[in-house]
1. How about the stretch 169-195: which of its residues are closer than 17 Å to I157 by Cβ and in contact with a strand residue (DSSP E or B) (Cβ under 6 Å, 6 or more places away or on another chain)?
2. Given the criteria assigned to a helix (DSSP H, G or I) and not basic (K, R), does L48 qualify?
3. Do we find that Y198 is of a type in the set (F, W, Y) and surrounded by fewer than 21 Cβ atoms within 10 Å (Cβ to Cβ) in this structure?
4. Among (1) touching a His at 6+ places or on another chain (Cβ under 9 Å); (2) without any contact (Cβ under 8 Å) to a residue 40 or more places away in the chain, there is one condition A106 misses while meeting the rest; what is its number?
5. Restricting to the stretch 188-201, give me the number of residues that are in contact with a Leu (Cβ under 9 Å, 6 or more places away or on another chain) and not in a strand (DSSP E or B).
6. Would you please list the contacts, defined by Cβ atoms under 7 Å and residues six or more apart or on different chains, that run from a residue in the stretch 200-221 that is more than 28 Å from A12 (Cα to Cα) to a residue that is modelled with pLDDT under 95 and of a type in the set (V, I, T)?
7. Where the second residue is buried (at least 16 other Cβ atoms within 10 Å of the Cβ) and the first is without any contact (Cβ under 8 Å) to a residue 24 or more places away in the chain and lies in the stretch 130-143, which pairs have Cβ atoms under 7 Å and are six or more apart or on separate chains?
8. Among the numbered criteria (1) buried (at least 18 other Cβ atoms within 10 Å of the Cβ); (2) modelled with pLDDT of 95 or more, which one does K115 miss?
Amino acid sequence: MEISNVWKSYGATYVLKGINLLAEKGDFIVIRGKSGVGKTTLLKIMGLLESPDRGEVKILGKTTSMLSDEEKSRMRLHTVSFIFQFFNLIPTLTVLENIELPLALAGVNKNERTKRARELLEYFDLVNLAYRFPETLSGGERQRVAVIRALANNPKIILADEPTSSLDDENSQALIKLLSEINREKKVIIVLTTTDLYERIPATKDYVMKEGCLKESIKSL
């Protein structure tokens, strides 16, 4: 993914000002910054949920502004996946069904998507959660299920919007470790945002966002 000179405004206020970012296979990118500085807006643009006012976003070499809505939708299903701050699990679905959901949206038949979901739960040693509902899970369990759901369609890129903000220190560390393993073993690009300027994260690229601008963190120098 390549972000080139991206600007974004809401009304007269620019929240992104000339953002440049290159995410290559195997990268674990951290973007730090206070709430309201534009981190979520940048992830939405990366994930094709919003369009920049100016600049370009390329994913797998394709200029996304040239894609149709249908092509963007397919890219969100198969290439780019989100992990949200507050999990976004469907409360009326079991853990297994939540993980199956993106596979169902991609048109995978019931047997195949159940098999894929169970394989993911087994891989992460969470098969015991398969038939439980989100409300019965701890915060850490819900976030791990959200991570597994993000992997369902074998994405090339995972965008994680402040995924540790609602977790305690122990579960935050467990989640970062899980994402690091996914990044290392599956070579999935991970872009993670956080409001914590000092959180220890094994990133390959570490940035700070301030007043709509992206700068290298001293942690990466």
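1. The answer is L179, N183, V188, I189, I190, V191, L192, T193.
2. No: the conditions fail for L48.
3. Considered against the rule, which asks whether it is of a type in the set (F, W, Y) and surrounded by fewer than 21 Cβ atoms within 10 Å (Cβ to Cβ), Y198 comes out as yes.
4. Here A106 meets the rest and fails (2).
5. 2
6. Taking only residues 6 or more apart or on different chains, the pairs are I201/I176.
7. Partner pairs satisfying both residue conditions: E141/L129.
8. With (1) buried (at least 18 other Cβ atoms within 10 Å of the Cβ); (2) modelled with pLDDT of 95 or more applied to K115, the lone miss is (1).
The values are calculated or read from the model by the stated rules, or taken from the named source; none is laboratory data. All values derive from a computational prediction rather than experimental measurement. Here the Cβ is made from the backbone with ideal geometry for all residues, glycine too, and neighbour counts use every protein chain on show.
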